[in-house]
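Take a look at the structure set out below.
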Amino acid sequence: MKIARIRDSKVMETYGIISDDGKQIVTRSEIQQQTGIPVPPNIKDFMFRGWLDEVREHKGKLKYGHKVSDLELLVPIPNPPKIICLAFNYFDHARDAGLTPSNEPVIFMKPRTALNEPFGNVICPSFVTRLDYEAELAVVIGRETKKVPEEKALDSVFGYMIFHDVSARDIQFKDKQFTRGKGIDTFAPCGPWITTKDEVPDPQKLTITTKVNGEVRQNSSSSNMVLPISRIISALSVTMTLEPGDIISTGTPAGVAMSMKEPKYLKDGDVVEISIENLGTIRNRITFQ
């Protein structure tokens, strides 16, 4: 299933289930009316406390009464406990940066305040001079996980979504660490919804594409990850407890601006479109202020 947070025409925030083709939605209140299941108002309770499993048994009853295009899609997970991001986790990206990939996750954290809607504007401070894009596959954790073996790690996954790790390279290189340059408000668009893991048979075989103003910049596959998702989750769970709603963004493939011979950094008005196979598309306009 595809689960989305939305804002409707009455400016009310709620959530719903997206149709298989990604074009229609049935809202929380309609799910309740059509199935008789008293689904909770909180999307986290719906996803992580068994309500979704109950609704899934009645999926055939659902009638999708709204077009997705008529609603505003919001950040799929409000206030996630943690946003964990991996650096240089693609062989091609590490190669372009002249680095040898690590056999352990190299991570940094993004603050929750960086989260942004799947079609929201990225607001970049005017003092940033080298703004870059990074298309990433994100994992949403579905249950508390500690010291899980690799062979059981995917059992902890709730679903997947697109994550845009916007990066101010000038700040990143100056600081020699990633938090400030990647943690600016609006620098983490994600979505457009969460696709549950049962609809993604193999998360290591997904095509990832980034376009800037229609020009293809990244065209790769999650098969090029250095550390697969199962190993990432297992390794992280040794040192920190993973919680329901945690976002793990698994790194970006080759094609980012900083690795070009003549870097094409993002400018005011540029539109970045990121698509991942089976997960949809997000689109963000860059605005310098």
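The values are calculated or read from the model by the stated rules, or taken from the named source; none is laboratory data. Quantities reported herein were computed from a predicted structural model and do not represent experimental measurements. Note: ideal-geometry Cβ built from the backbone for every residue, glycine included; neighbour counts use all protein chains shown.
Checking each residue in segment 201-258 for being among the charged types (D, E, K, R) and touching a Phe, Trp or Tyr at 6+ places or on another chain (Cβ under 8 Å) picks out only R217.
If you go through segment 29-60 and keep only what is farther than 26 Å from V157 by Cβ and exposed (fewer than 13 other Cβ atoms within 10 Å of the Cβ), you end up with Q33, G36, P38. All conditions but one from (1) buried (at least 17 other Cβ atoms within 10 Å of the Cβ); (2) closer than 30 Å to S222 by Cα apply to K23; the one that does not is (1). The requirement of being surrounded by fewer than 19 Cβ atoms within 10 Å (Cβ to Cβ), of a type outside the set (K, R), under 21 Å from H93 (Cβ atoms) and free of Cβ contacts under 8 Å to residues at least 40 places away in the same chain is fulfilled somewhere in segment 204-214, by at least one residue. Working carefully through the options D70, D96, find the one that is at pLDDT below 95, of a type in the set (D, E) and surrounded by 17 or more Cβ atoms within 10 Å (Cβ to Cβ). On inspection, the qualifying residue turns out to be D96. Report yes if P101 is modelled with pLDDT under 95 and not hydrophobic (A, V, I, L, M, F, W, C), otherwise no. Against the criterion (modelled with pLDDT under 95 and not hydrophobic (A, V, I, L, M, F, W, C)), P101 qualifies. Screening the candidates V139, V157 for the property of being crowded, with 18+ Cβ neighbours inside 10 Å, closer than 18 Å to D246 by Cα and out of contact with any Lys or Arg (no Cβ under 7 Å at 6 or more places or on another chain) yields one hit, V139.
Filtering segment 145-162 to residues that are within 18 Å of I43 (Cβ to Cβ) and either touching a Ser or Thr at 6+ places or on another chain (Cβ under 6 Å) or not aliphatic (A, V, I, L, M) (or both) leaves F158, G159, Y160.
Among strands (runs of 3 or more DSSP E) entirely within segment 135-197, having at least 2 residues that are hydroxyl-bearing (S, T, Y) and not assigned by TED's automatic domain parsing to the domain that holds M225 singles out no element at all.
Here is a yes/no grid of residues against (1) within 22 Å of P244 (Cβ to Cβ); (2) acidic (D, E); (3) out of contact with any strand residue (DSSP E or B) (no Cβ under 6 Å at 6 or more places or on another chain); (4) in the same structural domain as E243 (by TED's automatic domain parsing):
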site	(1), (2), (3), (4)
R7	no, no, no, no
M12	no, no, yes, no
T27	no, no, no, no
E30	no, yes, yes, no
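Taking every residue in segment 137-156 that is without any contact (Cβ under 8 Å) to a residue 60 or more places away in the chain and pairing it with any residue that is hydroxyl-bearing (S, T, Y) and part of a strand (DSSP E or B), at least 6 positions away or on another chain, the pairs with Cβ-Cβ distances below 9 Å are D155/T145.
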